[in-house]
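Notes to accompany the following structure.
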Amino acid sequence: MQRWLTFAPVGFVVCCLATACRLYALPQAFEVGPFEADELPKGKFAEGIIGDFILRNDKVEAVVSGNFSNRRANFKTFRGTNGVNSGDLYDLTLRGTDNDQLTIFAPDHQVGPVSWVRIVKPGTDGEAVIETVVTASKNKGIYKRHEYRIKDGWPGVLITTTVKNERNHTYFSWTDDVWTSFGRSGVLGGIAWGDAVDPADKTAYAYGYTESTPNITSPTSFSLNAGTTATWSRFLAVGNSPADALSKVTAFRVEPVGTFTGTIKDRAGVPVTTAQIMLRPENTYYKECIGYTDEKGRFSFQLPPGVYEIELTDQGRQSISNKIALKAKGSTTFSPVMTVASAIVFNIHDEGGRSLPCKAQFLGTNGTPSVDLGPISRAHGCKDQYHSEKGQFRVALPAGTYKVIVTRGPEYSHLESLVKVDPETTAQFEGTLKRLVDTTGWVSADYHNHSIPSGDTSTSTDDRIINLAAEHIEFAPATEHNRICSWRPSIEKLGLKDFIQTIAGLELTGSGPHLNSFPLKPIPHTQDSGAPEWDKDPRLDALTLRDWQKLEPDRWVQLNHPDMVESFIDRNDDGKIDGGYV
């Protein structure tokens, strides 16, 4: 009988042990290499790449951007010196949800080059810590350190900033934390909150200060004599609603709070999973805060004591208003019964009976007010419209009478009808969109498209594709700002490959003419997915794009919104004709 002995290289064994430790030892801080790229959190606003750092525990996972000369988030993020955003918090999401909605959190407006980003504690002693440092020699005599700390059980990240004045004179500044814009935002009890652009995503953030040195007031400003130091901390939490995230900050700060809980169902006994709970404190200048119910219609928030006006709403249902008083360490329950949602159910098809992507618009008539189905940036409910990837869909609406118009671009007929929606009932809308224009041999196309990866729009890639398909665009290359993207996975996921096609590309963007180009190949988990750098000279950009990755005979390069005077008459804008970029 033969016996076979198998030897594993020591490096392989060590690697396996390290991976096992990272999988099971919490909390964790580790650098992302090629083999860890799949562990990066995902979501609409996820920005992590190889060379960044992951910080996570049993509740949340986050990304701190690595120290690269060109590390930056999307096009609209504040860029600072040389367009760099190294050492900032790029992503934060509940563990395992892949639902990141945070483009960036820059403590004390951290922009520009840093001296280093590194792991201080990997998590083996019960806490994981990553630090970003800008030495005084690189920052005009002002030393800065940002520390990102996490422990098991924490629903967020503790961020501590230390500033030391190494100049020979007094330094005055403001504590200037910055995050990118949200769908809605506000302040309650001194805690700032921000909601996802699409509330249906049910991810929100909140942060509040926890401690600071005495020379920081509010803490919003500080003054440092030569050789002195200031330190302040804030806790950044993620939750399934602004009120949930705010609750987690207040609990972390161990402040006196009241607990507000409940379960919302309708008269049929069905949990209301899409309800919005507006909380407005009485006698305060602070803005309201917003909560959402979970998949079982439940909610639970911990809020500063006081009297709150409560407004419970859900599309197609009668709203409910109430007033509650929260006492410190007390608990209040609110579990009203809502009406059954009224709605219209659609069945839209072509002449062969095939379900069609389309757009429905709802115009209130006969005294029915205009509707607001949601943010303009999303497909499924944007102001008075609903864009659908298929012809079968349901739209909840307040009871009333509506002129309903269904369209699919200019090559199809439209459907128009008055529809009366009675309370707690569902109306039916069925019809055929007829092809009126014969475009055999032609393809309807839009060569300039953006979604969330670009940064200058809050429309997700899925929503943008639904929008395009509903308007009967048949070919739409991905032309996101300064990053090579492919929209094919979204098209296939939405079941739209028979209606719309795409190709990977980008829009090369800077402070002048932009250029679209395709086809290109995305390089996953790299800065800008392998895109080139923009140049002021559009001729150089065109040549770069023509030859990028490899010479491609079918490469398309398109110059967008050129400055005609700069390009063809006066390239340095000194008032003298020099022929532009000849």
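The values are calculated or read from the model by the stated rules, or taken from the named source; none is laboratory data. Bear in mind that the values here come from a model prediction, so they are computed numbers and not experimental data. As a convention, Cβ positions derive from the backbone with ideal geometry for all residues, glycine included, and neighbour counts pool all protein chains shown. For accessibility, only protein heavy atoms count, side chains too; no ligands or nucleic acids. Shrake-Rupley method; radii C 1.70, N 1.55, O 1.52, S 1.80 Å.
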Binned at 5 Å from 0, what are the whole-percent values of the Cα-Cα distance distribution for the range 309-456, short to long?
2, 8, 14, 17, 15, 12, 10, 8, 5, 3, 2, 1, 1, 0, 0
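Net charge near residue 506: determine it from the other residues with C-beta under 13 Å of the C-beta of residue 506, scoring Lys and Arg +1 and Asp and Glu -1. Display every interim value, and only then the final one.
Working: positive: 483, 521, 555; negative: 480, 507, 528, 533, 541.
Its environment carries a net charge of -2.
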Tell me, in nm to one decimal, what length is gained between residue 151 and residue 536 on full extension, where the rule is 0.36 nm per residue of separation less the Cα-Cα distance?
134.0 nm
How far is it, in nm, from the label point at residue 582 to the one at residue 70 when both lie 7 Å from their Cα along the line to the Cβ?
3.0
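Take the Cα radius of gyration of the range 366-451 and divide it by 2.2 N^0.38 Å, with N its residue count; two decimals is plenty. Can you show the working numbers first?
Details: Rg = 15.5 Å, N = 86, 2.2 N^0.38 = 12.0 Å.
In units of the 2.2 N^0.38 Å rule of thumb, it is 1.30.
Once you list every other residue whose beta carbon is under 10 Å from the beta carbon of residue 136, what net charge do they have if Lys and Arg are +1 and Asp and Glu are -1? Walk me through the numbers before you get to the answer.
Working: positive: 138, 140, 144, 164, 167; negative: 166.
Summing Lys/Arg as +1 and Asp/Glu as -1 gives +4.
What does the convex hull of the alpha-carbon atoms of the chain project to on average, in nm²?
Numbers: hull surface 154.4 nm².
Projected area, direction-averaged: 38.6 nm².
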Distance between the C-alpha centers of the range 94-147 and the range 275-339? Whole Å please.
35
So, in nm, how far is label residue 370 from label residue 554 when the simple model puts each one 7 Å beyond its Cα toward the Cβ?
4.4
From the protein chains alone at 1.4 Å, what is the descending order of accessible area for 573, 88, largest first?
573, 88
Potential lengthening between residue 439 and residue 58 on full extension [0.36 nm per residue; Cα-Cα distance subtracted]
131.6 nm
With the cut-off at 19 Å, tell me which of the pairs 390/434; 59/248; 296/383; 42/493; 44/296 have Cα atoms farther apart than that.
296/383; 44/296
Gained length - residue 546 relative to residue 351, 0.36 nm times residue gap less alpha-carbon distance
65.9 nm
Tally Lys/Arg at +1 and Asp/Glu at -1 over every other residue whose Cβ is under 14 Å from the Cβ of residue 577; what's the total?
-3
Please report the relative contact order for the chain, taking Cα pairs under 8 Å with a sequence separation of at least 6, and give it as a percent rounded to a whole number.
8
Between residue 363 and residue 428, with labels modelled 7 Å along Cα→Cβ, what's the label distance in nm to one decimal, could you check?
2.6
Give the shape of the range 200-332 as rounded, prolate or oblate, defined through the alpha-carbon gyration tensor: a ≥ b ≥ c are the square roots of its eigenvalues, a/c under 1.5 means rounded, and otherwise the shape is prolate if a/b is larger than b/c and oblate if not.
prolate
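Please report the projected area of the range 475-582's Cα convex hull averaged over all directions, in nm². Could the numbers behind the result be given before it?
On the way: hull surface 30.9 nm².
Quarter of the Cα hull surface area: 7.7 nm².
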Rounded to whole Å, √(5λ) for the Cα gyration tensor eigenvalues of the range 282-394, largest first, gives 38, 16, 13
For the range 509-564, the Rg and Dmax computed from alpha carbons only, in angstrom:
11.4, 37
